[in-house]
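Student: Here's a structure for you.
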Amino acid sequence: MKKIILTGGGTAGHVTSNIAIIPELKKQGWEIHYIGTKNSIEHRLISDIPNVAFHGIKSGKLRRYADIKNLTDPFRVIAGIGQSINLIRKIKPNIIFSKGGFVSVPVVLGGWFNRVPVIVHESDITPGLANKIATRFAKLVCTTFPDTVQHFAAGKAFHTGTPIRRELFLGDSGEGKKLCGFEDDKPVILVMGGSLGAVSINRAVRALLDKLTRRFNIVHICGKDNIDQVLKDYPGYKQFGFIDEELPDIMAMADLVVSRAGANSIFEFLALKKPALLIPLPLSASRGDQILNARSFERQGFSKVLEQENMTEDTLYDHIMDLFLNREKYIARMNESQTGNGIEKVLDLIQTHAKM
């Protein structure tokens, strides 16, 4: 049986595209292995998927800023490379597909050491540090944005788009309303700050609940350990730390989205034709990739953008209302988009470049 190793983690965005292609790989008869770190988000998300073997390794985060862990994490990366080399030698995969994140670097290097072809998928417009390292050892690179191809040697990168889970298109808005306890016909705002939550967005939205719930119902994915117990029974407001299986129903129910600007998420909004107010991570907390992602979507007319440093209760409310009142304009632009689901293109490249 042909075998594939998937890797990627650290945040849900580095896992969801892998999850999207798993059902299709199974249909094609692949034996699927996943390498990540133990007690991590990738471990939690992958472990419940039948017939996918999860293997835990050590890894360390690659940082551009000063941190005491910079003294120890390089040794964890080295240990992870050794573990990956041994695992790959044992599994004998035909190909490795990496979605990025710091956990992927040891796996990609382990694949290169064992002469196993590696495909790396880059979500953002510009490559992150982990993928800058990983792509040097990869056979080819898949990109979400067409602009990203220019960052790589000619013939090495292919614009595929991002794989989107098919189940996202099968949501039931009625089930979403039941889950949230919404019994009226108010439009619904979905607020999400990524798998780890976003403290600034959480705080600003909660400060506006009195005004917002006069016009909207709000479902708030606020991040693990960020549930506000005081607001558990607030009318028209439902909060979750994290949502997985119920997400298609929640997305189907939503009329608007307020979100960070991670590439995987915003392409899901585009595929589902959900007008979004994007609040990208600021430069003080990131390398600026979300700002570039958000501005690209704003230029194309898919989303509205509010910089975090400009976010106040008033500006957030005004931007939400403007998005709502002009939502049909955003939906029309999204309907004109030629960007589709990247699953087929990614699967074709995997099949073509696997070492058989």
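Student: Do we have any residue at all in segment 250-261 that's at pLDDT below 95, of a type in the set (Ser, Thr, Tyr) and in the same structural domain as residue 217 (by TED's automatic domain parsing)?
Tutor: No, segment 250-261 contains no residue that is at pLDDT below 95, of a type in the set (Ser, Thr, Tyr) and in the same structural domain as residue 217 (by TED's automatic domain parsing).
Student: Kindly provide the set of residues from segment 136-184 that are within 30 Å of residue 237 (Cα to Cα), assigned to a loop (DSSP other than H, G, I, E, B) and either of a type in the set (A, V, I, L, M, F, W, C) or under 17 Å from the mean Cα position of the chain (by Cα) (or both), ordered by number. Show your work before the answer.
Tutor: Looking only at segment 136-184, we keep the residues that are within 30 Å of residue 237 (Cα to Cα), and these are 164-184.
Narrowing further to those that are assigned to a loop (DSSP other than H, G, I, E, B): 164-165, 171-172, 181-184.
164, 165, 182 - these are the residues of segment 136-184 that are within 30 Å of residue 237 (Cα to Cα), assigned to a loop (DSSP other than H, G, I, E, B) and either of a type in the set (A, V, I, L, M, F, W, C) or under 17 Å from the mean Cα position of the chain (by Cα) (or both).
Student: Something else now. So residue 11 ticks every box in (1) surrounded by 20 or more Cβ atoms within 10 Å (Cβ to Cβ); (2) among the hydroxyl-bearing types (Ser, Thr, Tyr); (3) modelled with pLDDT under 90 but one. Which box is left unticked?
Tutor: Going through the list (1) surrounded by 20 or more Cβ atoms within 10 Å (Cβ to Cβ); (2) among the hydroxyl-bearing types (Ser, Thr, Tyr); (3) modelled with pLDDT under 90, residue 11 breaks only (1).
Student: Further question: Any chance segment 309-331 includes a residue that's acidic (Asp, Glu) and in contact with a helix residue (DSSP H, G or I) (Cβ under 8 Å, 6 or more places away or on another chain)? I'd like the intermediate steps shown before the answer.
Tutor: Filtering segment 309-331 down to residues acidic (Asp, Glu) leaves 309, 313-314, 318, 322, 328.
Still in the list and also in contact with a helix residue (DSSP H, G or I) (Cβ under 8 Å, 6 or more places away or on another chain): 313.
Within segment 309-331, one or more residues are acidic (Asp, Glu) and in contact with a helix residue (DSSP H, G or I) (Cβ under 8 Å, 6 or more places away or on another chain).
Student: Can we say residue 92 is farther than 19 Å from residue 119 by Cα, modelled with pLDDT of 95 or more, in the same structural domain as residue 132 (by TED's automatic domain parsing) and out of contact with any Gly (no Cβ under 9 Å at 6 or more places or on another chain)?
Tutor: Working: farther than 19 Å from residue 119 by Cα: no; modelled with pLDDT of 95 or more: yes; in the same structural domain as residue 132 (by TED's automatic domain parsing): yes; out of contact with any Gly (no Cβ under 9 Å at 6 or more places or on another chain): yes.
Answer is no for this residue.
Student: Here is a further query. Quick check on residue 249: is it touching a residue at least 12 places away in the same chain (Cβ under 8 Å), outside any strand (DSSP E or B) and exposed (fewer than 14 other Cβ atoms within 10 Å of the Cβ)? Steps first, answer last, please.
Tutor: Working: touching a residue at least 12 places away in the same chain (Cβ under 8 Å): yes; outside any strand (DSSP E or B): yes; exposed (fewer than 14 other Cβ atoms within 10 Å of the Cβ): no.
Here the answer is no, as residue 249 does not meet what is asked.
Student: Something else: Could you list, in sequence order, all residues of segment 289-320 that are free of Cβ contacts under 8 Å to residues at least 60 places away in the same chain, aliphatic (A, V, I, L, M) and not in a loop (DSSP other than H, G, I, E, B)?
Tutor: Hits for segment 289-320 are 291, 294, 305.
Student: Right, another one. Could you check segment 246-292 and list, in sequence order, the residues that are under 22 Å from residue 186 (Cβ atoms), of a type outside the set (A, V, I, L, M) and in contact with a strand residue (DSSP E or B) (Cβ under 9 Å, 6 or more places away or on another chain)?
Tutor: Listed by number, the residues that qualify are 246, 255, 259, 269, 274, 275.
Student: Taking interchain pairs and intrachain pairs at least six residues apart, which have beta carbon atoms under 8 angstrom, with the first residue in segment 218-234 and touching a residue at least 40 places away in the same chain (Cβ under 8 Å) and the second surrounded by 14 or more Cβ atoms within 10 Å (Cβ to Cβ) and part of a helix (DSSP H, G or I)?
Tutor: That search, which allows pairs on different chains as well, returns 219/176; 219/180; 219/250; 219/253.
Student: Looking at (1) crowded, with 19+ Cβ neighbours inside 10 Å; (2) over 18 Å from the mean Cα position of the chain (by Cα), which is the one condition that is false for residue 284?
Tutor: If we test residue 284 against (1) crowded, with 19+ Cβ neighbours inside 10 Å; (2) over 18 Å from the mean Cα position of the chain (by Cα), just (1) comes out false.
The values are calculated or read from the model by the stated rules, or taken from the named source; none is laboratory data. Every value quoted in this text rests on a predicted model; they were computed, and no experiment measured them. Glycine also receives a Cβ, built like all others from the backbone with ideal geometry; neighbour counts cover every protein chain displayed.
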